[in-house]
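A short write-up of the structure that comes next.
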Amino acid sequence: MARETSFPLRLLDGYRAFVNGALPRQQLRYRELADEGQKPETMIVACCDSRAAPEVIFDSIPGEVFVLRNVANLVPPYEPDGAYHSTSAALEFAVQALKVKNIVVMGHARCGGVNAALSPADKPLSPGDFIGKWMDLLRPAAEKVSRYDSMTAGERNTALERIAIRHSIENLRSFPCVKILEDKGRLALHGAWFDIATGELWIMDPASGDFVRPNIQPADNGSSL
């Protein structure tokens with residue numbers, strides 16, 4: 001008799017579907033990954049928002065992308081001060097150990113962390129105010145955007161979401177290992193922004209910083225209007 005568990009039933013149902021579907025199809029790959037280790041070529045710095053999962057958006061297979069998720073997909077500046085830096089640790093591992101060739105900073109629409117940065121007067125969620133302190137990384141930019149009275153709240157959110165991506169890319173370059181490899185042409189930095197409502201992906205132009213939609217034609221599913 002199976003033992004009762006308080007583990008979320010939805011997750012168990014999902015695992016059952018995985019065991020009966022994706023796992024048999026990917027069994028050989030999982031075994032290779034277990035024996036040989038991971039060799040992803042791309043690292044993605046994404047938000048921990050459950051609506052914007054990079055593996056789903058980019059239809060990736062196991063071992064293909066190295067994903068780091070935190071509130072508002074932020075990269076802090078290089079600060080070897082002896083404190084705990086999970087984002088910096090993951091970045092160091094991806095660049096120095098895995099030797100990824102690309103780093104993508106992917107933001108998204110309706111980001112709660114960005115909204116928190118634009119509303120600093122709101123009551124903190126906890127005495128520690130961890131989100132508030134984390135979003136201090138964006139405070140100078142947030143204060144500027146907040147003064148744009150001609151923009152709606154949604155427009156200000158979108159503006160800061162995209163500014164945050166550019167800001168994180170600049171912070172990436174403060175890490176010596178990143179800057180050296182980028183200058184040698186062995187590492188490329190990219191920005192992207194995902195619209196949850198429409199599913200649109202916008203790519204940052206590396207020269208101008210503008211976000212543009214890639215020219216991707218939808219697949220013909222054989223249906224007709």
Kindly indicate whether Ala207 is in a loop (DSSP other than H, G, I, E, B), in the same structural domain as Arg162 (by TED's automatic domain parsing) and modelled with pLDDT under 95. yes
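Yes or no, residue by residue, for (1) β-branched (Val, Ile, Thr); (2) in contact with a Leu (Cβ under 9 Å, 6 or more places away or on another chain); (3) surrounded by fewer than 17 Cβ atoms within 10 Å (Cβ to Cβ):
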| position | (1), (2), (3) |
| --- | --- |
| Cys111 | no, yes, no |
| Val114 | yes, yes, no |
| Ser119 | no, no, yes |
| Trp134 | no, yes, no |
| Leu137 | no, yes, no |
| Pro140 | no, no, yes |
| Ala153 | no, yes, yes |
| Ala164 | no, yes, no |
Does at least one position in the range 152-173 carry a residue that is in the same structural domain as Glu55 (by TED's automatic domain parsing), within 18 Å of Val45 (Cα to Cα) and in a loop (DSSP other than H, G, I, E, B)? yes
Any chance you could count how many residues in the range 1-40 are surrounded by 10 or more Cβ atoms within 10 Å (Cβ to Cβ), among the acidic types (Asp, Glu) and within 30 Å of Leu187 (Cβ to Cβ)? 1
Kindly provide the set of residues from the range 16-52 that are without any contact (Cβ under 8 Å) to a residue 24 or more places away in the chain and under 30 Å from Ile131 (Cβ atoms), ordered by number. Cys48, Ser50
Considering the range 139-151 alone, what residues qualify as being without any contact (Cβ under 8 Å) to a residue 12 or more places away in the chain and either under 17 Å from the mean Cα position of the chain (by Cα) or part of a helix (DSSP H, G or I) (or both)? Pro140, Glu143, Lys144
So Val178 fits all but one of (1) among the β-branched types (Val, Ile, Thr); (2) over 19 Å from Cys48 (Cα atoms); (3) without any contact (Cβ under 8 Å) to a residue 60 or more places away in the chain; (4) assigned to a helix (DSSP H, G or I); what number is the exception? (3)
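The values are calculated or read from the model by the stated rules, or taken from the named source; none is laboratory data. This structure is a prediction, so every number in the text was calculated from the model and none was measured. Cβ: placed from backbone, ideal geometry, glycine included. Neighbour counts: every protein chain shown.
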